[in-house]
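To start, the structure itself, in structure tokens.
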Amino acid sequence: MLNKEPKIAEVQFANAILLPEIVKMLNEGHTVTLRLKGFSMRPFLEDGRDKALLTKPTNPKVGDPVLAEVGPKHFVLHRIIDINGDEVTLRGDGNIGIEQCKLKDIQGAIIGFYRKNRETLDRTDGRKWLVYSWVWTRLFPIRRYLLAFYRRIWIPLFGPI
């Protein structure tokens, strides 16, 4: 008798359709694993390769990566760089510019990331992520040059980190 494992199908939807449904699931108390789209969290998180494990946000703070709605049905997964009262400023690790939202617009907290198709979670409260975050956020003025080197030289020679 053959023991066949069920196949897992991946289906893609537009973010404006998928992410409001994910937010509903988070608000119901579920955790959700979401494959990442876009390049805003480069160099350590890659489009189509990595996944984020999300939960309902409880107490967002500076430095946390979050899922935020920055416009009607326009969601981003960025790091909080400032909270001033009800105003939240966000920046993707691979971005130079900022985006803003209200605290109520933080829709998901990131527990961790599954990188490079691994099955082990790199937790956002783990030593590896905390060290990476501490170093990378302090490199902001020169990140533009590091990211340019990464895109133009590193990736063509060695592939994504």
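Values as computed for the structure displayed
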item: Subset of 7/37; 61/104; 24/61 violating a 19 Å alpha-carbon distance limit; result: 7/37; 24/61
item: Cα gyration tensor shape of the stretch 86-128, rounded if a/c is under 1.5, else prolate or oblate by comparing a/b with b/c; result: prolate
item: Accessible surface of residue 140 - all protein chains present, 1.4 Å probe, nearest 10 Å²; result: 60 Å²
item: Where the stretch 92-161 is the region considered: accessible area per residue in Å², 1.4 Å probe; result: 66 Å²
item: Aspartates and glutamates whose Cα lies under 17 Å from that of residue 56, excluding same-chain neighbours fewer than 8 positions away; result: 21, 28, 64, 69, 105, 125
item: Overall form of the stretch 9-100 per C-alpha gyration tensor (a/c, 1.5; a/b vs b/c); result: oblate
item: Alpha-carbon Rg with Dmax, taken over the stretch 34-161, Å; result: 14.2, 45
item: Estimated vicinal HN-Hα couplings, Hz - the stretch 55-63 in sequence order (Karplus 6.51, -1.76, 1.60; Gly, Pro = x); result: 9, 5, x, 10, 8, x, 9, 4, x
item: Table column - 3J(HN,Hα) (Hz), the stretch 89-104, Karplus curve with 6.51, -1.76, 1.60, x for Gly and Pro; result: 10, 10, 8, x, 4, x, 10, 9, x, 10, 9, 10, 7, 9, 4, 5
item: Residues whose placed amide H lies under 5 Å from that of residue 63, excluding near-sequence neighbours; result: 80, 81
item: For the stretch 91-161: rounded, prolate or oblate by the Cα gyration tensor [a/c cutoff 1.5]; result: oblate
item: Fraction of accessible area attributable to carbon and sulfur, the chain (%, probe 1.4 Å); result: 57 percent
item: Label-zone membership for the stretch 102-143, site residue 86, 7 angstrom Cα→C-beta point, backbone N under 19 Å; result: 102-108
item: Heavy atoms of residue 56 accessible to a 1.4 Å probe, total area in Å² rounded to 10; result: 100 Å²
item: HN-Hα J in Hz across the stretch 108-120 - Karplus 6.51, -1.76, 1.60, θ = phi - 60°, x for Gly and Pro; result: x, 9, 8, 7, x, 10, 9, 9, 6, 6, 7, 9, 9
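The values are calculated or read from the model by the stated rules, or taken from the named source; none is laboratory data. Values in this document were obtained by computation on a predicted structure and should not be read as measured data. Virtual Cβ from ideal backbone geometry, glycine too; neighbours counted across all protein chains shown. In case anyone asks, the SASA skips ligands and DNA or RNA and just uses the protein heavy atoms, side chains included. Shrake-Rupley method; radii C 1.70, N 1.55, O 1.52, S 1.80 Å.
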